[in-house]
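None of the figures in this text is laboratory data; all of them are computed from the coordinates on show. Worth saying up front: this structure is predicted, and the values here are computed from it rather than measured. Neighbour counts run over all protein chains shown; Cβ positions are idealised from the backbone, glycine included.
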Amino acid sequence: MMEIISRHKFFLFAAVLSLSTYAIFYGQFLTPSNYFWSSEGHPTDAQTKHLPARTYLYDRIVNERSFPFWTEKMYSGFPVYADPENAYLNPINVASTLIFGPRMSYKVLHILEYLAGSLSLYFLLKRKGIGLLGYSISNVIFYFNTFFINHQIHFNMIMALYLLPTVLLLADLFLEKKQLRYIVFQSFVIANAVLWGHIQSVAIMLMGLFAYMAVFSFKKTRLPAFVFYFAALVFFITIETLPQVLPTYKLFSQSGRSEGTDYLKGSLNPRMAIFPFVPYLLGESDNFMGREVNDDFSYSEVYIYSGISSMILAVLALLLLKKSREAVLAIVFIWIFLIFGFMESNKIFSSGTPGITLFREWGRTAVLYSFGIALLAGMFAEKIKKASYKNIKSGALFVLPPIIYIGTLVAMKEGRIARKLIPYVSFQHIQAYPHFPILKAIVLSLAGIFLVFIITKKLSPLIFSKVFSPLKIAVAAIVFFDLVYFSQDVLGFRLRDISNYTIAPIAEELKNKRVILRHLDVLGAESLYYDNWSPFGTSQLKESDYVDYYEQLGLNLRGVTSSILEMPRDFQHLKEAGIVAVVQHRGTTFLNNNNLDVLKNNMEGHYIKKEEGKIIMQVDNPSNSVIGTYFKHSPDWKVKVDGQKTEIAKNGVFFDFPLKQGSHLVEIYYYPRPFFQGVLLSVLLLMAGVAAYFSFKKPLYRHILHNE
């Protein structure tokens with residue numbers, strides 16, 4: 001045992017460093033009652049989407065012994081598995097939820113994915129000649145800047161981007177060893193991100209991967225190997241994600257999202273380029289002024305502070321260290337953010353740019369910028385002995401262009417927003433705002449350390465050798481203090497005690513009926529908690545026809561809906577949408593008392609089974625007729641009458657089916673055809689890939705990967 005510990009002592013120390021840093025920032029999250037949540041009056045995705053979806057997944061599988069392909073608890077029927085943000089087809093998410101439960105499972109996943117990414121960062125930096133001290137600095141900068149802490153409310157985004165260092169490490173291993181297994185491992189990591197459902201994060205991750213491969217393969221790897229890497233990667237990711245991609249694409253094509261989004265929403269004003277250096281200039285969480293400047297400026301998106309100490313170290317690394325591929329990668333990452341984060345000002349991307357218009361809040365490329373800053377800061381702390389003024393001339397070519405770029409955008413970007421921002425980013429405001437003394441102390445402390453470093457190095461090599469290590473540790477301590485101190489507001493805003501968060505019971509007579517609960521404020525996917533069926537919900541992929549239909553009834557279902565939104569005065573119009581009852585504080589108004597409330601026709605009969613996605617009922621039909629239903633139309637619905645399949649026909653947002661006179665056993669069930677088609681295609685592609693590999697294995701390694 002001691003021999004194993006001795007052999008792996010640096011790795012074990014890195015693991016301890018990683019876990020200790022996590023505990024410093026997120027120790028409260030590990031307690032049972034605390035969660036990344038929302039403050040009073042500020043509902044977030046954690047509350048209105050992620051936890052309800054996890055709870056529903058657990059309940060359907062464990063308690064009802066069925067998989068949630070379809071739910072009646074959102075949007076009057078919705079293929080909930082097809083919305084990738086629910087991560088219902090992510091095997092890691094499903095397994096952890098079933099083992100640890102909906103709440104604890106995310107905490108387990110959070111720390112495990114952090115550890116995987118953090119230790120990947122350690123191995124990546126180790127391969128670049130950066131030791132434990134540099135790693136500790138890079139790790140705290142990348143994972144614990146205000147951007148990442150703020151976005152903890154977006155579970156799927158975090159689960160994807162926490163593994164960015166793993167993606168880069170696997171790319172580095174492939175470039176060194178040219179082995180197919182590293183492409184396969186890479187595909188698992190990226191497929192995991194895809195199956196978490198935050199596709200913009202996948203796009204950002206792929207940007208980083210492409211930049212890394214381009215920088216580190218330049219003049220080292222042949223073009224065929226470079227092309228093969230990405231072709232094979234896409235092939236494997238396709239195999240691993242087709243069961244999700246096919247149903248998601250089908251749902252996407254029916255949603256308003258297919259027409260694109262306001263891709264400039266959340267774009268930063270160039271005057272905000274000071275935010276990475278100075279935090280909370282628009283106020284802290286309890287007095288945030290961003291919305292007064294622009295409705296699109298949210299607390300979670302505009303604050304991208306990675307530490308003024310980190311920025312100083314990064315600039316010094318670019319100016320004083322000999323230029324390396326690592327420095328080039330860092331500046332490329334920073335430029336990606338400068339281009340995408342300020343796209344409204346630079347006018348580089350038009351509204352017709354493919355892919356770009358599918359997403360908004362492109363300031364989230366700050367995750368690449370923060371990695372670049374973390375890499376540079378870690379490099380400088382580790383290689384400070386190699387710093388030389390001789391490198392300033394070449395370093396200026398890295399430092400000056402971003403400054404000129406931002407300065408040009410500032411000069412070009414005038415208008416209402418710029419005028420409103422100027423008072424907040426002026427030097428007078430910075431000097432007067434509460435955190436200026438701490439910022440000044442951090443800068444002066446770093447300046448003092450570097451002054452001691454320069455003086456002792458020149459005047460006394462003996463003293464320098466004694467103070468060098470303590471000086472490096474002091475630099476790391478300042479970086480840690482910087483990020484810990486300035487993370488307190490955002491941590492206090494995002495971490496909440498939810499032990500008192502409970503779900504109110506509903507009357508037994510309302511279960512499995514489409515009901516509006518106006519006596520409760522049910523936000524978004526919180527409808528998944530309740531036993532009634534619901535016309536509300538939250539999903540970026542909700543069908544456009546359904547939203548338009550409800551607008552005609554006087555209900556706005558765009559965005560995150562609430563059960564207490566303004567209602568039409570005449571509830572009888574809601575009966576046309578299949579609403580059985582409206583529950584208010586003063587009582588319950590029943591709109592449909594039919595025995596078979598899922599049918600538009602007032603038919604005699606009874607339910608044999610009434611579950612989400614499967615209805616079996618005995619229907620007495622007095623004459624041959626077309627039976628209208630209140631089930632939202634999907635070609636994946638199947639209807640059997642007395643065991644024989646019958647055709648369904650779309651009727652508005654619902655569907656009908658023919659039924660002859662007499663007493664019939666009617667079975668209506670949802671069959672997730674796109675999912676099974678995806679599984680079949682994945683299996684066929686896998687078989688084809690395996691056959692191709694064994695047929696062309698030798699030429700592949702000899703001529704493409706190794707160029708023998």
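Suppose every Lys and Arg Cβ carries +1 and every Asp and Glu Cβ carries -1, with no other charges. What dipole size does the chain come out with about its Cα centre, to the nearest 20 debye?
In debye, rounded to 20, the chain gives about 3500.
I need the GluC sites (Glu not before Pro) found in the stretch 60-94, filtered to DSSP loop residues with at most 13 other beta carbons within 10 Å of theirs.
Hits after loop and neighbour filter: Glu64.
Hey, could you get me the Stokes-Einstein D for the stretch 596-691, Kirkwood radius over alpha-carbon pairs, 4 °C and 1.567 mPa s, rounded to whole µm² s⁻¹?
Stokes-Einstein gives a translational diffusion coefficient of 88 µm²/s.
What number, rounded to the nearest 500 deg cm²/dmol, is the helix-based mean residue ellipticity at 222 nm of the chain, given -39500 (n - 2.57) per DSSP H run of at least four residues and division by all its residues? Mind showing how you got there, number by number?
Values: 26 runs with 366 residues, N = 708.
The helix contribution divided over the chain gives -16500 deg cm²/dmol.
Could you list log10 I(q)/I(0) for the stretch 275-400 at q = 0.10, 0.17 Å⁻¹, which the Debye formula gives when each Cα is one point scatterer?
-0.39, -0.93
At 27 angstrom or more along the helix axis (alpha-carbon based) and mean Kyte-Doolittle of 1.6 or higher, what helices does the chain contain? Whole DSSP H runs only. Present the calculation step by step, with values, prior to reporting the outcome.
On the way: long enough: 102-127 (38 Å, 0.38); 223-253 (37 Å, 1.34); 392-412 (29 Å, 1.69); 436-459 (34 Å, 1.95); 461-494 (49 Å, 1.23); 673-699 (39 Å, 1.01).
Result, helices passing both filters: 392-412, 436-459.
Using the Cβ atoms and a cut-off under 15 Å, what net charge is assigned to the surroundings of Asn601, where Lys and Arg are +1 and Asp and Glu are -1?
With Lys, Arg at +1 and Asp, Glu at -1, the neighbours total -2.
Taking the alpha-carbon distance from Lys472 and a cut-off under 14 Å, which aspartates and glutamates remain once sequence neighbours fewer than 8 residues away in the same chain are dropped?
Within the straight-line cut-off, Lys472 pairs with Glu382.
Quick one: which residues, 5 or more positions from Leu591 or on another chain, have an amide H under 5 Å from its amide H? H modelled 1.01 Å from N in the peptide plane, none for Pro or chain starts.
Under 5 Å from the amide H of Leu591: Ala581, Val582.
Compute the separation of the alpha-carbon centres of the stretch 482-502 and the stretch 211-236 and state it in Å as a whole number.
Centre-to-centre (Cα) distance: 41 Å.
Once you have the Cα-Cα distance between Leu358 and Gln179, take 0.36 nm times their residue separation minus that, and quote the gain in nm to one decimal.
Using 0.36 nm per residue and subtracting the Cα-Cα distance, I get 61.0 nm.
Calculate the tail of P(r) for the stretch 642-708: the fraction of all Cα-Cα distances greater than 18 Å, expressed in %.
The proportion of pairs with Cα distances above 18 Å equals 67 percent.
Given contacts defined as C-alpha pairs under 8 Å and at least six residues apart, what's the relative contact order of the stretch 545-640, whole-number percent?
Rounded, it is 16 percent for the stretch 545-640.
With the dipole of the stretch 604-671 worked out from charges on the C-beta (+1 for Lys and Arg, -1 for Asp and Glu) around the Cα centre, which of Gly605, Val653, Ser623 lies farthest toward the positive end?
Working it through, the farthest residue towards the positive pole turns out to be Val653.
Can you give me the C-alpha center-to-center distance between the stretch 279-308 and the stretch 339-389, rounded to a whole angstrom?
The two parts, judged by their Cα centres, are 19 Å apart.
Using just the Cα positions, wrap the chain in a convex hull and report its mean projected area in square nanometres, one decimal place. Intermediate results must be reported in sequence, preceding the final value.
Values: hull surface 146.7 nm².
The Cα convex hull of the chain, projected and averaged over all directions, gives 36.7 nm².
Which one, Ser118, Ile149, Leu520, is farthest towards the positive end of the dipole of the chain when Lys and Arg carry +1 and Asp and Glu -1 on their Cβ?
Most positive-ward Cα: Ser118.
Between Asn594 and Lys9, what length in nm is gained on full extension when 0.36 nm per residue of separation is reduced by their alpha carbon distance?
203.5 nm
If R₀ is 35 angstrom, what is the calculated FRET efficiency for the pair Leu451 and Phe218, using the beta carbon separation as r and rounding to 0.05?
0.40
List, in the order given, every pair from Lys609/Lys660; Lys347/Lys440; Lys107/Lys440 whose Cα-Cα distance in the structure shown is over 32 Å.
Where the Cα-Cα span goes over 32 Å, the pairs concerned are Lys347/Lys440; Lys107/Lys440.
Where Lys and Arg each count +1 and Asp and Glu each count -1, what net charge lies around Val515 among other residues with Cβ under 10 Å from its Cβ? Mind dumping the intermediate values first?
Details: positive: Lys511, Lys513, Arg514, Arg518; negative: Glu509, Asp531.
Overall, the nearby charge balance is +2.
Figure the gain on full extension for Val410 and Ile99 (residue separation times 0.36 nm, minus the Cα-Cα span) and round it to one decimal in nm.
106.7 nm
Given the stretch 379-426, what whole percent of its Cα pairs are spread farther than 14 Å? Working shown, then result.
Working: 780 of 1128 pairs.
Across the stretch 379-426, Cα pairs with separations above 14 Å total 69 percent.
Mind giving me the FRET efficiency for Ile422 and Leu444? R0 is 30 Å, r the Cβ-Cβ distance, nearest 0.05 is fine.
Approximately 0.65, to the nearest 0.05.
Cα-Cα over 28 Å: which of Lys511/Lys640; Lys265/Lys632; Lys542/Lys600; Lys73/Lys265; Lys393/Lys457; Lys265/Lys513?
Over 28 Å Cα-Cα: Lys265/Lys632; Lys73/Lys265; Lys265/Lys513.
To two decimal places, what compactness ratio does the stretch 1-145 give when its Cα radius of gyration is scaled by 2.2 N^0.38 Å?
Working it through for the stretch 1-145, the quotient is 1.32.
Give the order of Met159, Met687, Met311 when sorted by the count of other beta carbons within 10 angstrom, beginning with the fewest. Let's see the in-between values first.
Details: Met159 24, Met687 10, Met311 19.
Exposure proxy ranking, most exposed first: Met687, Met311, Met159.
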